[in-house]
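Each reported figure results from applying straightforward, stated rules to the coordinates on display, with no laboratory input. Because the structure is predicted, anything quoted here is derived from the model rather than measured. So basically every Cβ, Gly included, is an ideal-geometry build from the backbone, and we count neighbours across all protein chains shown.
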Amino acid sequence: MKLTKTLLASTALTVAAGMATADGHMANEMTIVSWGGAYSNSQQQAYHNPYMEKTGINIINDESSAEAVAKLRAMNEAGNVTWDVVDVVAADAIRLCDEGLAMEIDPDEHLAAAPDGTSAEDDFGDLLVSDCFIPQIVYSTTFGYRTDMVGDTPPTSVCAIFDTDAYPGKRSLEKRPINNMEWALLCDGVAKDDVYDVLETDEGQQQALDKLATIKDDVIWWSAGADTPQLLADGEVVMGSTYNGRLFSVIEEQNQPVAMLWDAQVFDLDGWIIPTGLSEERLARALDYIYFATDTQRLADQAKYISYGPARASSAPLVSTHADLGIDMAPHMPTDPNNAQNTFLYNYEFWADYRDDIDAKFQAWLAQ
Amino acid sequence: MTDATQNSGPMMAADGTTLKSSLNRALRRQKLRALMLIAPLLIFVLVTFIAPIADMLFRSVENQIVSDTLPRTTTLLADWDGDAGELPSSEVFEALYTDIFIAQERKLHTRLGSRLNYELTGVSSLFRKSGRKVEDMGEVYQDQFEDLDGFWKDSENWNALMGSDSWLADQTAWDDKSDARQPAFEPREEIESLLPQTAATFEIFADFVQNEDEDNLAKEDPWALVYSALYTDLMQEPDVSGYGGPGSAELLQAMGAVGTFENVDYPAAFEEIDKDWHSIDVWQTIQTYSPDFTSGYFLNAVDMKKSPDGPEMRPDNEQLYIKLFIRTLFMSLVITGSCILLGYPVAWILANLPARTANLLMILVLLPFWTSLLVRTSAWKVMLQQQGVINDTLVWLGVVADDSRLALINNQTGTIIAMTHILLPFMILPLYSVMKTIPPSYLRAAKSLGATNWTAFWRVYFPQSVPGIGAGSILVFILSIGYYITPELVGGTTGTFISNRIAYHISSSLNWGLAAALGAILLAVVLGLYWAYDRIVGIDNVKLGG
């Protein structure tokens, strides 16, 4: 009898405590999902810290962006979405929007206008590639090369990756078709404007794979963004593709003998989505955070910590110097006119359609 | 003996029943009690382990999304024969319009698009685009009705026409701001029989507004789709003159006017959205994937595909999975073999050393076991890469030339080395615990009877250690079949496993059906091998400890 009473009492206590923490979570905490590492740090400094100071809300970081799409789908099926705001690349945002896992956000209604009064929709312009997606930064996938391994003629064109005579040694490329197929066609004589028309056809896909086959034995395929910087620093590869912010950190922060090859860099976007299925209270908080974190000044502030370009046109003139190194950040931005002489924009619609098909062929080709 | 045969009638218990059934009853009670004792664990395992796995595996055949999202289209499409080379009839296009219209209101059309895009490239954007533009088709009728009479613009008029009187009274009495539930829509019976399509469409609309959007039905204008349905109904020339409820005059007026309305040519309108709607392939894909269950994912998982003429192999340049399955099994075997080769001597030394030294060495075996998997894998990268420790040492020793350094990583070799290292403790530990139980006196006895060292080991010691090898091999083999982090990091292109593709389809391509099919095949292969092992070696011969 005594035991039963004790059990009952402790159960009641546990339930009460559980409800108390659940309420506590609702009141002043939110979970924001991002990529971790230097990137999360830049968000912590530019957005989270000032926001926590302003509102008293405690922000919990979750570094799950790489698996965000799968996890959101699982949460949605389980009917328990625990994330409030999620940082994803644009292609994932489109996918989440298609699946009904991210909610549509009207920029003019929910986002701050630029200081000069330009509406948010015009300020972001073409970068609003999905109804559910608020872009935050423009980053690019581009090449870095070892300055001590290329002799007196450093590469100036992306086609140097296919030129194993002039630049012997291994190269590192991402283990997926996106970007690699475009570069292969570009270096196989296809005009830039025709790349996607060619890539739509079976012959065009084969042409790109054939071009990649010429260097297949010289390629180390990477799947994590940190691989190429590591391989470059170790001298394992003479050149390799990765995100420009990673190369910035190898070159400027770690002083490795590496230089940027900006030619044919591929712009891509990273930004926020809000999951569907949040309670009204959490949704209001998420929208409030988004309003705060995507205004002109905050976006410019993030560039103090990482070399990715702010997504708002009005933020560009406000980009200042690196917080620790004190160097001017503008020349390191992928969007800087000197760097952006020959660029691609990730073709979201094309890859949403062709990703499954071309990926199957690409992986089969890799396994041969 | 003879006594026993003479008294062979059934033995009776004290209460008069046979002893057998009385015993059975007692045993059953006991079993039930035992079952109740383990019930919490059983339920826990069922709910948290078996059910999720079953649910996940079920996805490999589940395909309701197509018929759920396009119910009308798939029903009509069942009789269509694509091989004749003709597009489906315009009724099918009209059904498609209705289905896509409702799906885009519910935001389900893009989900279906991504599903069908796994089967046919381009369907994803086709559905996205169609979802955006399908509203224009209905607006053709909406505009004409509204131009005809302002009556059709107003949501209140629509409710009065479509809803039953009792519902209308409830809806008017309902306070928008109160917490009370909005009275659920009920159709007006006369209208239901006069205008069946309109009533059905309006019901879907009312249900959506009241239950999914949770808005006030009185303030929501009907979808353009409702106007299309009204047009279709009125073109059937129903006898509206007998109807005398709200809106009867306007209905009669509309009845007279629809004959002169501009009508929508659905096939042409869809072609205008995207010419792919006039491609037989798209329709054949929808038709092939209409059933609620599909073998498509499983066929895909063995490099085949569904076609209108039955399953066929994929072209050579898309075949991948069979190769990966074979590679996974082969490399797991190699890894198991190298674990036996390396682990056996270590376990033997551990079992035969004095306890103090053995414990110290045991810590060395366990130490890597406690280190993070990622750390160990990354350490192997530093060791094995071309500018890494091993190659540097070999070049320094002059064993290999500087310009022909060994490729030890980003290929099969890398995966085998790193995984052998990671899985070695799983081989050593069972081997060690079995060897501990083999009395050293057996070997001494064999030798004293004249056996050579080798014979004594091979004929006496080794057979007794086989259960340990069996246990270790099963552990290592089954673990390595499911590995994906290490192969991903050090495997390059030739050293990756089937699990890498499963992970890709779960987390990146979101093709969970295919991932489930691949996983189900892998599970079946493992169970098959386990069964074969049981038949050949016998599972009773496996020992994890003394």
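Brief remarks follow.
- Residue-averaged 222 nm ellipticity for chain B, from DSSP H runs of 4+ at -39500 (n - 2.57), nearest 500: -20000 deg cm²/dmol
- Calculated on C-alpha atoms, the gyration radius of the range A:138-280 divided by its Kirkwood radius gives an Rg/Rh of 1.03.
- Summed residue charge, Cβ within 9 Å of A:Ala367's Cβ, Lys/Arg positive, Asp/Glu negative: +2
- The order of the peptides B:411-421, B:270-280 by mean Cβ neighbours within 10 Å, most packed first, is B:411-421, B:270-280.
- The lysines within cross-link reach of B:Lys20, meaning a Cα-to-Cα straight distance under 27 Å and a gap of 8 or more places when in the same chain, are B:Lys31.
- With the convex hull drawn around the C-alpha atoms of the range B:332-421, the volume per residue stands at 123 Å³.
- In terms of other Cβ atoms within 10 Å, A:Leu173, B:Leu120, B:Leu333 run from fewest to most in the order B:Leu333, B:Leu120, A:Leu173.
- Cα pair distances of the range A:209-368 binned at 10 Å [whole percent]: 9, 27, 33, 22, 9, 1
- Its DSSP H runs of at least 4 residues, each contributing -39,500 (n - 2.57), put the calculated 222 nm mean residue ellipticity of chain A at -12000 deg cm²/dmol, to the nearest 500.
- Exceeding the 29 Å Cα-Cα cut-off - candidates B:Lys129/B:Lys323; A:Lys71/B:Lys129; A:Lys175/A:Lys304; A:Lys170/B:Lys323; A:Lys192/A:Lys361: B:Lys129/B:Lys323; A:Lys175/A:Lys304
- Here chain B has an Rg and Dmax of 36.3, 116 Å, counting Cα atoms alone.
- Amide H contacts under 5 Å for B:Arg314: B:Met304, B:Lys305, restricted to partners 5 or more places along the chain or on a different chain, H placed in the peptide plane at 1.01 Å from N.
- Taking the charge dipole of the protein assembly as shown about its Cα centre, with +1 at Lys and Arg Cβ atoms and -1 at Asp and Glu Cβ atoms, the residue from B:Gln387, B:Ser124, A:His110 reaching farthest to the positive side is B:Gln387.
- The relative contact order of the range B:323-541 comes to 27 percent, based on Cα pairs under 8 Å that sit 6 or more residues apart.
- As a ratio to 2.2 N^0.38 Å, the alpha-carbon radius of gyration computed for the range A:116-189 takes the value 1.61.
- Against the empirical curve 2.2 N^0.38 Å, the C-alpha radius of gyration of the range B:170-311 lands at a ratio of 1.50.
- Treating each Cα of chain A as one equal point scatterer and applying the Debye formula with no solvent, the log10 of I(q)/I(0) at q = 0.07, 0.11, 0.15 Å⁻¹ comes out as -0.36, -0.81, -1.36.
- Cα convex hull volume per residue for the range B:71-287 (Å³): 128
- Whole-number D in µm² s⁻¹ for the range B:323-541, Kirkwood Cα-pair radius fed into Stokes-Einstein, 37 °C, 0.692 mPa s: 168
- Principal semi-axes of the equivalent ellipsoid, √(5λ) from the alpha carbon gyration tensor of the protein assembly as shown, are 55, 44, 30 Å from largest down.
- Computed from backbone phi with θ = phi - 60° and the Karplus coefficients 6.51, -1.76 and 1.60, the 3J(HN,Hα) list for the range B:397-409 is 6, x, 6, 10, 6, 5, 8, 10, 5, 6, 8, 9, 9 Hz; x is used for glycine and proline.
- Chain A: relative contact order as a whole-number percent, Cα under 8 Å and 6+ apart: 23
- Distant-in-sequence amide contacts of A:Ile60, defined by a placed amide H-H separation under 5 Å and a gap of 5 or more residues or a different chain, comprise A:Met30, A:Thr31, A:Ile32.
- For A:Ala102, nonlocal amide neighbours, meaning residues 5 or more places apart or on other chains whose placed amide H falls under 5 Å from its own, are A:Cys97, A:Thr276.
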